[in-house]
Amino acid sequence: MVNLHAAPSGASNDRRPAILEPLPRGFLWGVSTSAYQVEGATRADGRGASIWDGYCREPGRIANGDTGDEACDHYHRYREDIGAMRQIGVGAYRFSVAWPRVLPTGRGSANEAGLAFYDRLVDGLLEAGIEPWLCLYHWDLPQALQELGGWANRDVVGWFSDYALLVAGRLGDRVKRFATFNEPAVFTLFGYSLGWHPPATNDPESLYAAVHHVNLAHGAAVDVLRAGVAAASIGVIHNMQPSRPLRQVPADRKAATILDDVWNRAFPDPQILGEYPASLRDGIDPHRREGDMERIRRQIDWLGINHYSPIYAKAEGASPLGFAWADAPADVARSPIGWQVDPAAFRDVLLDAHDRYGLPLYVTENGAGAVEKPDVSGEIHDVERIDYLARYLEALGEAVALGADVRGYFVWSLLDNFEWGAGYQNRFGLVYVDYPTQRRTLKASARWYAATIKAVAERVAS
Ligand code: IFM
């Protein structure tokens with residue numbers, strides 16, 4: 001039974017995006033989550049350990065020592081969450097399957113109870129008229145595979161392909177939208193170089209190996225999905241953010257170009273165009289075998305883009321990759337958690353991706369984080385999030401008007417959830433989660449998003 005608080009009337013519903021005229025008929029509105037960030041139930045029903053379970057227990061890794069053990073308990077409360085999606089009026093829900101939930105040691109015997117959860121979730125979505133968008137990998141590698149080298153071991157390509165086969169065989173009769181990976185640049189760079197994600201190593205050799213193996217695993221999974229799922233629509237999801245020099249000096253400009261290659265190009269270029277950026281080729285070469293580029297470059301149907309803000313680089317002599325991650329300059333506009341707000345950068349990312357890759361685009365994540373709590377009446381007036389979403393949707397409208405083939409938009413996130421290193425302190429949800437009670441409350445932004453979806457539908461119908 002749906003147990004959402006009644007949505008209070010009025011507040012903030014009048015801030016609508018100004019430029020929605022050019023959105024194509026059938027434009028898809030959605031919300032996104034990922035398994036480790038929302039499911040909880042990490043020890044339930046035979047789920048195996050993921051790399052995040054152990055990493056969260058290492059002192060100092062996660063703000064306040066938070067873990068994904070309980071998260072939003074979406075594993076048990078998914079029906080209520082589908083109810084929230086219905087109230088908002090979305091047409092699609094992007095979620096990820098937890099590899100260790102369905103294959104507890106990453107390979108070998110499947111866990112029937114884990115697969116049954118995704119059956120229930122998918123069936124519930126379809127009953128509610130919401131299209132399931134399934135992502136195979138959103139960072140929660142089975143711990144048992146990490147112990148064998150994780151993404152740095154070429155065998156992972158076969159393990160991932162077998163996992164894709166299992167998921168396709170079980171859910172492919174009802175799920176048609178598949179993404180292979182979410183933001184591979186993040187989990188490879190942060191995990192194998194910068195130390196911010198598991199396995200938290202800093203070794204360029206492993207980083208290059210991981211990048212290449214993820215690309216091969218993507219290609220292998222596309223083949224498996226294409227062969228195994230009738231009428232599949234297959235894509236991949238990349239974070240795309242303009243990479244800017246911290247200072248306008250040659251050394252920082254060079255650093256920003258390298259970061260652009262590692263962050264924005266290392267995956268979509270080989271996957272869609274069939275080649276690595278020049279600056280990565282020497283690093284990748286020792287891991288490349290004959291025929292690999294053909295294995296990686298498989299036909300996909302759409303490209304998912306996750307975007308929040310630009311990124312900055314500065315020169316760093318000691319860094320083996322030739323750049324250091326930098327905070328944005330002090331004078332930029334920022335969201336409540338300090339991320340730069342720059343809608344024009346979003347418009348330009350969409351236009352660039354359209355020109356460079358020539359695929360239908362879906363914005364699979366966009367949203368704003370905040371540290372927030374209900375007011376005395378129990379409402380969450382997240383006006384800064386509404387302002388952010390409105391301005392970014394205006395930018396999306398501009399990109400469409402200028403020719404970008406953008407077919408849908410998913411807010412990150414449906415729910416407040418486990419925000420990796422920031423734990424639970426940064427909230428991105430349209431729905432507020434009171435973690436001690438797991439009570440859900442629609443924020444003002446959820447009502448605003450619902451009103452926006454409705455207004456666009458009415459305009460198209462008129
Ligand atoms: O929470 C993350 C998500 O897992 C991947 N993209 C960015 C979001 C906000 O940081």
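Given a 1.4 Å probe and the protein chains as shown, residue 377 ends up with an accessible area of around 80 Å². About its Cα centre, the dipole of the chain is roughly 620 debye, where the only charges are +1 on Lys and Arg Cβ and -1 on Asp and Glu Cβ. Once both labels are positioned 7 Å from their Cα atoms along Cα-to-Cβ, the gap between residue 355 and residue 405 label points is 1.7 nm.
Run the accessible area of the chain with a 1.4 Å probe and give the carbon-and-sulfur part as a rounded percent. That fraction is 50 percent.
Where does the chain land on the Kirkwood hydrodynamic radius, alpha-carbon pairs, in angstrom?
Numbers: mean 1/r = 0.0449 Å⁻¹.
Here the Kirkwood hydrodynamic radius works out to 22.3 Å.
Rolling a 1.4 Å sphere over the protein heavy atoms, what is the accessible area per residue of the chain, to the nearest Å²?
Working: 16870 Å² over 462 residues.
Per-residue value: 37 Å².
Using R0 = 41 Å, the C-beta based FRET efficiency linking residue 58 and residue 437 works out to 0.90. The equivalent ellipsoid of the stretch 345-430 has semi-axes of 30, 14, 9 Å, largest first, where each one is the square root of 5 times an eigenvalue of the Cα gyration tensor.
Assuming charge only on the beta carbon of Lys and Arg (+1) and of Asp and Glu (-1), the dipole of the stretch 326-462 about its Cα centre is about 500 debye to the nearest 20.
Counting only residues at least eight positions apart within a chain, or on another chain, the lysines with an alpha carbon under 25 Å from that of residue 443 are 373, 454. Using the Stokes-Einstein relation with a Kirkwood hydrodynamic radius computed over Cα pairs, the translational diffusion coefficient of the stretch 86-134 at 10 °C and a viscosity of 1.306 mPa s comes to 135 µm²/s. The alpha carbon convex hull volume per residue for the stretch 90-164 rounds to 79 Å³.
Which shape class, rounded, prolate or oblate, goes with the stretch 297-345 when its Cα gyration tensor gives a ≥ b ≥ c as root eigenvalues, a/c under 1.5 marks rounded, and past that a/b bigger than b/c marks prolate? Numbers along the way, then the final one.
Values: a/c = 3.48, a/b = 1.19, b/c = 2.91.
Because a/c hits 1.5 or more and a/b fails to exceed b/c, the stretch 297-345 counts as oblate.
Simple rule: put +1 on each Lys or Arg Cβ and -1 on each Asp or Glu Cβ in the chain, find the dipole, and look at 225, 249, 38; the Cα lying farthest toward the positive end is 225.
Stokes-Einstein diffusion coefficient for the stretch 125-237 at 37 °C in a medium of 0.692 mPa s, Rh from the Kirkwood formula over Cα pairs: what value in µm²/s? Please report the intermediate quantities before stating the final value.
Values: Rh = 14.5 Å.
So the translational diffusion coefficient is about 226 µm²/s.
What ranking of 218, 287, 381 comes out by heavy-atom accessible area, probe 1.4 Å, highest first?
Numbers: 218 0, 287 40, 381 85 Å².
So the residues, ranked largest to smallest area, are 381, 287, 218.
Comparing 274, 157, 48 along the charge dipole axis of the chain, the residue lying farthest to the positive side is 274, per the Cβ-charge model. Remark: spin-label model distance residue 86-residue 25 equals 2.9 nm, labels positioned 7 Å along the Cα→Cβ axis.
Note on the stretch 401-462: the C-alpha convex hull projects to 6.3 nm² when averaged across all orientations. Could you list the residues of the stretch 39-68 with an amide nitrogen less than 13 Å from a label point located 7 Å from the Cα of residue 116 in the Cα-to-C-beta direction? Within reach of a label on residue 116: 45-47.
Counting only DSSP beta bridges whose two residues both lie in the chain, roughly 20 percent are antiparallel.
Can you pull out the chymotrypsin sites (Phe, Trp or Tyr not before Pro) in the stretch 155-231 whose DSSP state is coil and whose Cβ has at most 16 other Cβ atoms within 10 Å? Kindly include the intermediate steps, with their values, before the conclusion.
Working: sites: 159, 160, 163, 178, 181, 187, 190, 192, 196, 208; in loops: 196.
Loop-located and lightly packed - 196.
Packing order of peptides 447-454, 316-323, 91-98, highest average first: 91-98, 447-454, 316-323 (average count of other Cβ atoms within 10 Å over each peptide's residues).
Here each label is just a point 7 Å from Cα along the line to Cβ, and for residue 123 and residue 344 those points are 5.2 nm apart. Once you order the gyration tensor axes a ≥ b ≥ c over the Cα atoms, which shape class does the stretch 254-325 get: rounded for a/c under 1.5, otherwise prolate or oblate by comparing a/b with b/c? Note, shape of the stretch 254-325 comes out oblate.
When the helix-only estimate is applied to the chain (DSSP H runs of n ≥ 4, each -39,500 (n - 2.57), divided by the residue count), what is the mean residue ellipticity at 222 nm, nearest 500 deg cm²/dmol?
Working: 15 runs with 171 residues, N = 462.
Using -39500 (n - 2.57) per qualifying helix, the result is -11500 deg cm²/dmol.
Could you tell me which of rounded, prolate or oblate describes the stretch 280-375, using a ≥ b ≥ c as the square roots of the eigenvalues of the alpha-carbon gyration tensor, with rounded for a/c under 1.5 and, failing that, prolate when a/b is larger than b/c and oblate otherwise? Oblate shape, in that a/c is at least 1.5 and b/c is the bigger or equal ratio. Measuring only protein heavy atoms, the 1.4 Å probe finds residue 258 accessible over about 40 Å². Between 185, 93, 198, whose Cα lies farthest towards the positive end of the dipole of the chain when Lys and Arg beta carbons carry +1 and Asp and Glu beta carbons carry -1, centred on the Cα centre? Sorting the options by dipole projection puts first 93. When the surface is traced with a 1.4 Å probe over the full set of protein chains, residue 229 keeps roughly 10 Å² accessible.
Using the Cβ-Cβ distance between residue 294 and residue 327 with R0 set to 51 Å, the FRET efficiency works out to roughly 0.80. Over the C-alpha atoms of the stretch 311-462, the Rg to Rh ratio, Rh being the Kirkwood estimate, stands at 1.02.
For 261, 355, write out the residues from largest to smallest accessible area, computed with a 1.4 angstrom probe and no ligands counted.
On the way: 261 25, 355 120 Å².
Sorted by accessible area, descending: 355, 261.
The values are calculated or read from the model by the stated rules, or taken from the named source; none is laboratory data. Since this is a predicted model, take the numbers as computed values, not measurements. Virtual Cβ from ideal backbone geometry, glycine too; neighbours counted across all protein chains shown. With ligands, DNA and RNA removed, areas are computed over all heavy atoms of the protein, side chains included. Shrake-Rupley method; radii C 1.70, N 1.55, O 1.52, S 1.80 Å.
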